[in-house]
Each structure stands twice: as C-alpha cells, then as structure tokens.
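I'd like to ask you about the structure that follows.
The values are calculated or read from the model by the stated rules, or taken from the named source; none is laboratory data. Since this is a predicted model, take the numbers as computed values, not measurements. Cβ coordinates were reconstructed from backbone atoms using ideal geometry, including for glycine residues, and neighbour counts include every protein chain displayed. Calculation scope for accessible area: heavy atoms of the full protein, side chains included, ligands and nucleic acids excluded. Shrake-Rupley method; radii C 1.70, N 1.55, O 1.52, S 1.80 Å.
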Amino acid sequence: MTQYKETKGLLIDLDGTLYHGKNRIPGADTLIQTLKKHNIPYMFVTNNSSRTAEGVAAHLNEMGIQALPEEVCTSSLAAAKYIAEESPGAAVAMLGEEGLRLALMDAGLHIVDDNPQFVVQGIDRSFTYETLANAVRWIREGAVYVLTNPDLLLPSDHGLVPGAGALAASIQAASGVEPVIIGKPAGHLMTFATDRLGISPAEATVVGDNMRTDIAAGAAAGCQTILVLTGLTTEENLAEQIQNAGLEADIICKDLYELKEIVCPSSKNI
C-alpha cells in the first residue's frame, strides 16, 4: 500500500460501499456530509444501468445520504455519451430499461426498432428470445455492440439474480462479437466521471468495496484507488480477493470512518 495522495475528486461506488440494498452502511452519511463541508469534490459512480440519476439520488436520500442527481454517474449515462461522441445523432437499438432509454434520448440519439448503427445493452428484465435474435442479427450485420456493464449477478430481495453481463454472454456467444464495455472494470465510466468533475483520472481517487470491478476500473483509468472493507471484500477474504483480482488497491480502509479520516484528516472530531 502507498500513502494517500491528496485528491481533486473522489469517485465513490454505491452498493457495498455506501449501502447494502436499502440499508445504509455505518458512516456513509457523515462521510458525504464531511466531503461537502470541506468542499472535496466527488461523484457517485455506479454500474447500475436501469435507474436514472434522479432515481439513484432519491434512493440515497431515502437512506439519509445527501445526494443530487448531478452528482450521479451511471453506466447508462456514460454509454450514451460514448455513442454520441462516436456518432452524434446515431440510430440505436436499445436492450435495457428506463435509465438507459432516458440517457440515450438526452444524448440526442435516436432509438430505433431496426437497422441500428449501434446496439446498446444493459440490464433488461423483459429480455426474450426475440430480443436475442434481433440483437445478434443487427450486430452480425455491422452494428457496434456497446455493453453498459458486465455484471453477471445482481443482488435482489430474493438473492442474486442475472445481471447485464449474463445477457451479454448469450449475445456475444451467438454473434461472435465482443462488446465495447463501458462500466467497471473497464475505465470508460471512470473517465466519464472525471470529465464531469473537470479533472484528469490521475487527479481522482476511486473508492469501492470490489477488487474486480471498482479497484480494477480505477487502475484501468489511471486513478488512485482505495478499497473499503464494507461489502464484498472483508478482512477475512481480503487475501483471496486480491489474488482473484490480480491487483492491489493503493490504500485499504476497514470502514468508512477510517476513510473519512484519510481523505479529510481535519474531520476526526466530526
């Protein structure tokens, strides 16, 4: 591990870092309050493609974590920006939900039912065989395949359920084409967030609980990384998680209180 380098912006993961489902992780509210008080810029950064920024902010506020929609970066927003920069006003076939649909529309892209230039796919709980067949046909005909995030599993009230990456596996297998991945562990989402903050990735610090997504994405983008042992990675499985990920975080914090003291030392008594 290395010594903390003062940052110009924090890129903070959500599920497993600030909350578990509908339950706030201890210290999450005071962490955000402290960052605001000391004018330390940050963004909430999530692979979730189904929720809008407004929906994510509302979920955080319901748990007592102060959040504004403009502080939220989702994989849908990053995917829409990526496509709009590659081909402004492009025709896009969408496999996803409301968060992705609104992000594409807000980016000036045209959602079509046939002959798309791009196929963009996120979590889609109405996914059918017809959806799969159409996506494969379009991609084989030359449409660029963009995947919001490669998560194979997602937490739910009924345990783990298939994520966007599980659907993508079938599309990739049938089409023979690998998608452009936007969300973690790829670096696109992190560079999207740093652009929003007006800083370079080298000036940012990624905070997360998952070595293979949060920390890997931060490393891919060239950010400083802080692992918090609040979710997927714990003190008990830390060595295993590091080995499985094939990389290490720059700094490890046991909880959010320790994180707060590192990123804002003058806040110890807050």
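How high is the relative contact order of the stretch 1-158, given as a whole-number percent (alpha carbon pairs under 8 Å, six or more residues apart)?
On the way: 240 pairs, mean separation 30.5, N = 158.
Computed value for the stretch 1-158: 19 percent relative contact order.
Among 111, 197, 179, whose Cα projects farthest towards the positive end of the dipole of the chain, with charges put on the beta-carbon of Lys, Arg (+1) and Asp, Glu (-1)?
Farthest towards the positive end: 197.
Between rounded, prolate and oblate, where does the stretch 172-270 land on the alpha carbon gyration tensor, with a ≥ b ≥ c its root eigenvalues, rounded for a/c under 1.5, else prolate if a/b exceeds b/c?
Cα axes put the stretch 172-270 in the oblate bin.
Also, I was wondering about something else. Skip the ligands, DNA and RNA, and give the accessible area per residue of the stretch 82-168 with a 1.4 Å probe, whole Å².
51
Could you pull out every one of the lysines with an alpha carbon less than 28 Å from that of residue 184, ignoring same-chain neighbours closer than 8 positions?
The qualifying lysines are 5, 8, 22, 36, 81, 254, 260.
Where does the charge balance sit around residue 2 when Lys and Arg score +1, Asp and Glu -1, over other residues with C-beta under 11 Å from its C-beta?
In short, -1.
Enter the accessible area per residue of the stretch 175-270 (Å², integer; probe 1.4 Å; all protein chains in place).
For the stretch 175-270, the per-residue accessible area is 43 Å².
Same structure again: Working from Cα positions, state the angle (0 to 90°, nearest 10) between the long axis of helix 28-37 and the longest principal axis of the chain.
Helix 28-37 sits roughly 80 degrees off the main axis of the chain.
Moving on. May I ask for the net charge around residue 229, where only other residues with Cβ less than 10 Å from the Cβ of residue 229 are counted and Lys, Arg are +1 while Asp, Glu are -1?
Surrounding charge for residue 229 is -4.
Which is farthest toward the positive dipole end of the stretch 107-230 among 218, 156, 169, measuring Cα position about the Cα centre, with Cβ charges +1 (Lys, Arg) and -1 (Asp, Glu)?
With unit charges placed on the Cβ atoms, the residue in question is 218.
In what order, largest first, do 59, 110, 38, 158 sit by accessible area if the probe radius is 1.4 Å?
158, 110, 38, 59
Going through the stretch 97-201, which GluC sites (Glu not before Pro) have at most 15 other Cβ atoms within 10 Å and a DSSP loop state?
Passing both the DSSP loop test and the Cβ count: 141.
While we're looking at this one, here's another question. As an exercise, find the ratio Rg/Rh for the stretch 1-116 from alpha-carbon atoms, using the Kirkwood inverse-distance average for Rh.
Rounded to two decimals, Rg/Rh equals 1.06.
Classify the stretch 145-212: rounded, prolate or oblate, from the alpha-carbon gyration tensor (a ≥ b ≥ c, eigenvalue square roots; a/c under 1.5 rounded; otherwise prolate if a/b is larger than b/c)? Intermediate results must be reported in sequence, preceding the final value.
Working: a/c = 3.09, a/b = 1.47, b/c = 2.11.
Cα axes put the stretch 145-212 in the oblate bin.
Mind putting a number on the dipole of the chain about its Cα centre? Charges go on the C-beta only, +1 for Lys and Arg and -1 for Asp and Glu, and I need it in Debye to the nearest 20.
Roughly 320 debye for the chain.
Once you compute Rg and the Kirkwood Rh from C-alpha atoms, what is the Rg to Rh ratio for the stretch 27-82?
With Rg and the Kirkwood Rh in hand, the quotient comes to 1.00.
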